[in-house]
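Colleague: I have a structure I would like to understand better, so I am pasting it below and will then ask my questions one at a time.
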Amino acid sequence: MITVSKDKTFSLTNRYFSYVFRVSPEGILEHLHYGGVLSDPLNVTAHHLRTQREVSSHFQGSQYFNLSDTPQEFPCFGTSDYRFPALHGRNSDGNTVFTLYYKSHDIVKDKPALKGLPSARGGDSETLIIKLEDPLHKLGVELHYTIYEDYGVLARSAKFQNNGEKNIQLQHAFSSSLDLPQNDYEILHLHGTWSREFNEERIDVPKGRFVIDSSRGTSSAAHNPFIAIMDKGTTEDVGRVYATTLVYSGNFALSVERGEFEDVRLLAGINPFNFHWRLKPGQSFQTPEALHVYAQRGLRSMSHLWHDFIRDRVSPTRFRHVPRSSYLNTWEAAYFDIDEDKVLDLADTAKSIGAQMLVLDDGWFEGRKDDTSSLGDWIADKDRFPSGIPSLASKVKAKGLKFGIWFEPEMVNPKSILYEKHPDWALHVPGRKPSLGRNQLTLDLTRDDVIDYLFEQIDDILSCGDIDYVKWDMNRNMTEVGSAGISNNRQREVSHRYILGLYKLLSRLTQKYPDIVFENCASGGNRFDLGMLSFMPQGWISDMCDPVGRMDIINGASYLYPLDVTAAYIGPSPNHQNGRVSSVQTRFMAGVFCAARGVSLSTADIEAHKDEIRHWVSLANATSADMVGGTFDRLVKNQNEVCWQYTTRDKSTIYVVYFHILSAPNLPFRRAHLVGLDPQSKYILQENGEAYQGDALMGSGMPMPYVATGQVRDDVRYMDKGDFSSHLFVFEKK
Ligand code: DGJ
């Protein structure tokens with residue numbers, strides 16, 4: 001997979017892509033190719049005009065050669081490249097000029113883990129480690145490139161090492177830089193806010209710089225850490241796509257710059273805004289990992305590459321292909337009005353609809369009757385949960401259910417025992433009143449004493465042995481990000497050190513409790529990223545449970561994330577987030593392909609639709625093994641329709657869900673073109689036994705049911721009348 005020529009051209013080639021660069025005659029790393037597989041990658045040449053620019057500065061004595069027109073692997077600033085650099089920092093002379101020259105390289109089998117940070121697992125992989133150094137200030141940079149035999153993903157990271165004798169201040173410490181050749185590219189990215197996460201936006205790559213980033217302390221719902229740069233007009237099936245994400249949960253940046261000469265640079269890593277890292281002599285700094293995918297045939301092939309990789313190499317191995325339990329969650333059933341008796345009642349209700357787990361959400365700990373108090377005090381409320389959580393868990397389990405519980409460990413309310421004792425344990429800056437978010441402050445996870453406290457509190461509950469699931473919530477963005485435990489000249493390290501602390505806590509807990517399903521939540525999708533999903537097999541993607549809202553969110557998230565890592569439930573109608581009224585069926589269908597499916601309804605709401613809810617929960621149970629490890633495809637997405645296909649891992653069952661949003665008379669008769677079937681096989685539609693040929697379902701498509709507005713006929717397949725209808729087709733391969 002990794003080959004090197006005598007004159008130091010490096011190729012990383014597998015059956016998905018070739019990635020080629022060389023040590024240029026000037027000694028820097030010059031990028032040559034990223035894209036389709038090359039049969040002779042070591043003979044790729046640099047552009048024959050590379051030395052002909054006459055309008056720019058010339059790089060350190062190399063006449064005509066300038067870096068602002070040279071595709072590079074890890075660009076710096078101040079030596080003839082004027083684009084945003086991967087490395088920027090202040091050296092002991094007080095200036096910001098660095099030049100990174102090639103020093104040596106090494107190829108190692110497999111993939112070294114990153115210290116203190118989650119990263120994709122190795123296996124059937126090779127890693128190329130290139131050492132670069134600035135000869136003047138002795139700043140070393142180690143670039144890691146991992147290629148896998150069976151995945152179309154390239155993993156990159158960088159490690160900075162101060163080999164000199166004086167301090168260096170890092171300001172840009174990107175994980176990866178990719179210089180793509182001139183082309184008419186478009187960007188696809190996913191933006192949003194609370195309850196409207198993962199909105200898709202496509203824009204032309206502008207001249208200048210376009211950045212998605214976060215400075216909120218979490219990767220955030222405003223921009224998921226994902227970007228695709230693709231041929232203009234790329235569709236699900238056509239177009240070359242370069243897509244990137246980060247295995248990181250904090251302040252990130254994905255910066256796309258179309259430079260003076262039209263080449264496009266993508267930088268991926270920690271957001272340089274408000275970031276500084278002091279490297280003393282001998283110290284090193286490890287960046288998070290960036291993952292890159294090159295897909296030759298449109299967004300569908302891109303998503304397939306991501307999904308396979310995330311499932312197999314990022315998500316915790318323990319839960320790979322493990323069916324998830326259906327559940328009843330207490331949140332939208334009772335909110336804070338919860339006590340032991342109600343939980344036991346809801347457990348009976350859960351049983352009666354066939355749910356397999358009861359999840360006790362927010363509201364169970366000391367004094368927590370609303371969102372104004374108690375975060376930090378992780379002991380059961382004495383009045384409402386007098387016998388404590390372990391005893392409640394065992395009572396729920398005695399009913400034949402699993403038991404799950406909610407925590408929001410990273411937070412503290414000023415109104416709490418913890419804050420009274422340790423006001424310094426919250427992030428804050430001296431002399432300023434802290435800004436509250438949902439009445440709470442963020443604990444300072446840069447501190448080991450805070451991490452130890454949280455570990456002990458959570459461990460105390462989990463160690464009872466009856467907890468099967470933990471919902472790990474986090475409900476505010478960070479402000480006044482300062483730490484009382486860190487010196488003044490390191491305060492701009494706090495955001496990243498926080499994330500390192502969080503990962504430390506998560507490692508300790510998930511290592512001690514490998515069988516507990518941890519679910520990542522941050523007011524829904526405010527920290528839905530591969531950093532968190534390295535520790536947790538699934539995430540609560542959004543608080544939006546209205547089906548129309550949620551189908552957009554799932555559609556957007558599916559560009560990157562396999563639905564194996566998502567959870568969904570049937571929430572109340574009218575919906576509590578947007579007031580929309582919808583059927584139980586469509587509420588279930590919006591999450592039908594998520595691995596974890598449940599219900600969050602009061603006993604009264606459940607009683608009102610009991611048979612229907614029981615029916616859908618039983619379908620969730622019957623299909624739970626199918627909804628892990630299969631293939632998800634977006635077939636149709638327009639303003640009024642969404643259609644998805646899900647093919648089981650063994651390819652024997654094909655599920656197609658079709659949503660029709662607003663009803664109107666005389667709408668077109670629609671077909672959905674299925675994908676990935678065996679053209680020669682027959683597929684039997686379960687609802688009526690009709691047989692369809694694979695090539696016909698793909699080539700001429702499956703007629704979608706019609707939303708009737710007038711008279712109905714017996715020989716036509718209809719959806720429910722009115723708005724927000726849905727239909728699930730199930731085909732079995734013959
Ligand atoms: C925000 C989460 O997204 C909800 O599902 C719920 O757990 C609440 N927090 C509880 O406070």
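The values are calculated or read from the model by the stated rules, or taken from the named source; none is laboratory data. Only a predicted model underlies this, so the values are computations on that prediction, with no experimental measurement involved. Cβ sites come from the backbone with ideal geometry, for glycine too, and all protein chains shown count toward neighbours.
Colleague: Working only within region 451-481, note down all residues that are within 13 Å of the ligand (Cβ to nearest atom) and among the polar types (S, T, N, Q).
Modeller: The answer is Asn475, and nothing else.
Colleague: Can you say whether Ser301 is under 27 Å from the mean Cα position of the chain (by Cα) and in a helix (DSSP H, G or I), as far as the supplied structure shows?
Modeller: Yes.
Colleague: Then there is this: As an exercise: evaluate Leu401 against (1) under 15 Å from Ile458 (Cβ atoms); (2) away from the ligand (no atom under 16 Å from the Cβ); (3) in contact with a strand residue (DSSP E or B) (Cβ under 8 Å, 6 or more places away or on another chain) and give the number of the one condition it does not meet.
Modeller: The number of the failed condition is (1).
Colleague: Is it true that Thr96 is surrounded by fewer than 18 Cβ atoms within 10 Å (Cβ to Cβ), more than 21 Å from Tyr294 (Cα to Cα), under 34 Å from the mean Cα position of the chain (by Cα) and polar (S, T, N, Q)?
Modeller: So Thr96 fits the description; yes.
Colleague: Further question: Taking region 1-24 on its own, how many of its residues are outside any strand (DSSP E or B), touching a residue at least 24 places away in the same chain (Cβ under 8 Å) and within 18 Å of Tyr102 (Cα to Cα)?
Modeller: Final tally of qualifying residues: 3.
Colleague: Something else: May I ask you to list pairs of residues, at least six apart or on different chains, whose Cβ atoms are under 7 Å apart, with the first in region 402-430 being among the polar types (S, T, N, Q) and the second being more than 15 Å from the ligand (Cβ to nearest atom) and not in a loop (DSSP other than H, G, I, E, B)?
Modeller: Listed by first residue and then by second, the contacts come to Asn413/Tyr419.
Colleague: Which residues, counting only those in region 507-533, are within 23 Å of Thr287 (Cα to Cα) and within 14 Å of the ligand (Cβ to nearest atom)?
Modeller: Asn520, Asn526, Arg527, Phe528, Met532, listed by residue number.
Colleague: Do any strands (runs of 3 or more DSSP E) lying entirely in region 572-676 carry at least 3 residues that are small (Gly, Ala, Ser) and surrounded by 21 or more Cβ atoms within 10 Å (Cβ to Cβ), and which ones are they? Spell out the reasoning first.
Modeller: On the way: elements: 596-599, 631-637, 641-647, 653-660.
Result: empty, no element qualifies.
Colleague: Now for a separate question. Being of a type in the set (A, V, I, L, M), under 31 Å from the mean Cα position of the chain (by Cα) and crowded, with 16+ Cβ neighbours inside 10 Å is the requirement here; does Ala158 meet it? Outline the logic, then answer.
Modeller: Values: of a type in the set (A, V, I, L, M): yes; under 31 Å from the mean Cα position of the chain (by Cα): yes; crowded, with 16+ Cβ neighbours inside 10 Å: yes.
Here the answer is yes, as Ala158 does meet what is asked.
Colleague: Would you mind finding the one in Tyr16, Tyr34 that is on the phi < 0 side of the Ramachandran plot, modelled with pLDDT of 95 or more and touching a Gly at 6+ places or on another chain (Cβ under 7 Å)? So that I can check it myself, show each step before the final result.
Modeller: Numbers: Tyr34 fails: touching a Gly at 6+ places or on another chain (Cβ under 7 Å).
Answer to the check: Tyr16.
Colleague: When residues of region 304-351 are filtered for being more than 16 Å from the ligand (Cβ to nearest atom) and either part of a strand (DSSP E or B) or among the polar types (S, T, N, Q) (or both), how many remain?
Modeller: 5
Colleague: Just to be sure I understand, how many residues within region 518-538 are over 18 Å from Gly217 (Cα atoms) and in contact with a Gly (Cβ under 8 Å, 6 or more places away or on another chain)?
Modeller: 1
Colleague: Then there's this: List every residue pair whose Cβ atoms sit under 7 Å apart, with the two residues 6 or more apart in sequence or on different chains, where the first one lies in region 571-593 and is β-branched (Val, Ile, Thr) and the second, anywhere, is part of a helix (DSSP H, G or I).
Modeller: That search, which allows pairs on different chains as well, returns Val584/Glu612; Val584/Ile613; Val584/Trp616; Thr586/Pro547.
Colleague: Taking the conditions exactly as written (touching a Leu at 6+ places or on another chain (Cβ under 8 Å) and farther than 23 Å from Leu560 by Cα), does Val617 satisfy them or not?
Modeller: No; evaluated as a whole, the condition is false for this residue.
Colleague: Taking the conditions exactly as written (within 16 Å of the ligand (Cβ to nearest atom) and either of a type in the set (Ser, Thr, Tyr) or in the same structural domain as Asp308 (by TED's automatic domain parsing) (or both)), does Ser542 satisfy them or not?
Modeller: Yes, satisfied.
Colleague: Let me ask something else about it. Within region 563-585, can one find any residue that is away from the ligand (no atom under 16 Å from the Cβ), more than 21 Å from the chain's Cα centre (by Cα), at pLDDT 95 or above and of a type in the set (D, E, K, R)?
Modeller: Yes, some residue in region 563-585 is away from the ligand (no atom under 16 Å from the Cβ), more than 21 Å from the chain's Cα centre (by Cα), at pLDDT 95 or above and of a type in the set (D, E, K, R).
Colleague: Does Ile107 meet the test of being surrounded by 19 or more Cβ atoms within 10 Å (Cβ to Cβ) and either more than 24 Å from the chain's Cα centre (by Cα) or not assigned by TED's automatic domain parsing to the domain that holds Asn167 (or both)? Full working, then the answer.
Modeller: Working: surrounded by 19 or more Cβ atoms within 10 Å (Cβ to Cβ): no; either more than 24 Å from the chain's Cα centre (by Cα) or not assigned by TED's automatic domain parsing to the domain that holds Asn167 (or both): yes.
In short, no.
Colleague: Go through (1) surrounded by 13 or more Cβ atoms within 10 Å (Cβ to Cβ); (2) under 34 Å from the mean Cα position of the chain (by Cα) and name the single condition Arg15 misses.
Modeller: For Arg15, the exception is condition (1).
Colleague: Residue under question is Gln52, and the condition is that it be in the same structural domain as Ile129 (by TED's automatic domain parsing), of a type in the set (S, T, N, Q), on the phi > 0 side of the Ramachandran plot and at pLDDT below 95; does it hold?
Modeller: For Gln52, the condition - in the same structural domain as Ile129 (by TED's automatic domain parsing), of a type in the set (S, T, N, Q), on the phi > 0 side of the Ramachandran plot and at pLDDT below 95 - is not met.
Colleague: Next question. Among the residues of region 362-383, which ones are over 30 Å from the mean Cα position of the chain (by Cα), within 14 Å of the ligand (Cβ to nearest atom) and not in a loop (DSSP other than H, G, I, E, B)?
Modeller: Listed by number, the list is empty, since nothing qualifies.
Colleague: May I ask you to verify whether Met536 is closer than 25 Å to Ala155 by Cβ, in contact (Cβ under 8 Å) with a residue 24 or more places away in the chain, within 16 Å of the ligand (Cβ to nearest atom) and outside the structural domain of Pro272 (by TED's automatic domain parsing)?
Modeller: Taking the combined requirement at face value, the residue satisfies it.
Colleague: Looking at (1) touching a residue at least 40 places away in the same chain (Cβ under 8 Å); (2) closer than 22 Å to Ile516 by Cβ, which is the one condition that is false for Ala380?
Modeller: (1)
Colleague: Could you check how many residues of region 677-689 are modelled with pLDDT of 95 or more and in a loop (DSSP other than H, G, I, E, B)?
Modeller: 7
Colleague: In addition: Tell me the residue from Gly282, Gly250, Gly269 that is over 22 Å from the mean Cα position of the chain (by Cα), under 28 Å from Arg497 (Cβ atoms) and of a type in the set (Gly, Ala, Ser), please.
Modeller: Within the list Gly282, Gly250, Gly269, the selection yields Gly282.
Colleague: Inside region 117-140, can you point out the residues that are crowded, with 20+ Cβ neighbours inside 10 Å, part of a strand (DSSP E or B) and hydrophobic (A, V, I, L, M, F, W, C)?
Modeller: Leu128, Ile130, Leu132, Leu139
Colleague: Quick one: is Ser374 touching a Lys or Arg at 6+ places or on another chain (Cβ under 8 Å) and modelled with pLDDT of 95 or more?
Modeller: On the way: touching a Lys or Arg at 6+ places or on another chain (Cβ under 8 Å): yes; modelled with pLDDT of 95 or more: yes.
Yes; evaluated as a whole, the condition is true for this residue.
Colleague: Would you point out which residue out of Leu143, Leu114 is among the hydrophobic types (A, V, I, L, M, F, W, C), surrounded by fewer than 23 Cβ atoms within 10 Å (Cβ to Cβ) and within 30 Å of Arg490 (Cα to Cα)?
Modeller: Unique residue meeting the criteria: Leu114.
Colleague: So, one more: Which numbered condition trips up Asn488, out of (1) surrounded by fewer than 20 Cβ atoms within 10 Å (Cβ to Cβ); (2) within 13 Å of the ligand (Cβ to nearest atom)?
Modeller: (2)
Colleague: Let me ask you something else. Pull up region 352-361, narrow it to residues that are at negative phi and in a loop (DSSP other than H, G, I, E, B), then point me to the one that is nearest to the ligand (Cβ to nearest atom).
Modeller: Checked region 352-361; the qualifying residue nearest to the ligand (Cβ to nearest atom) is Asp361.
Colleague: Look at region 197-214 and say how many of its residues are surrounded by fewer than 20 Cβ atoms within 10 Å (Cβ to Cβ) and touching a residue at least 60 places away in the same chain (Cβ under 8 Å).
Modeller: Number of matching residues: 4.
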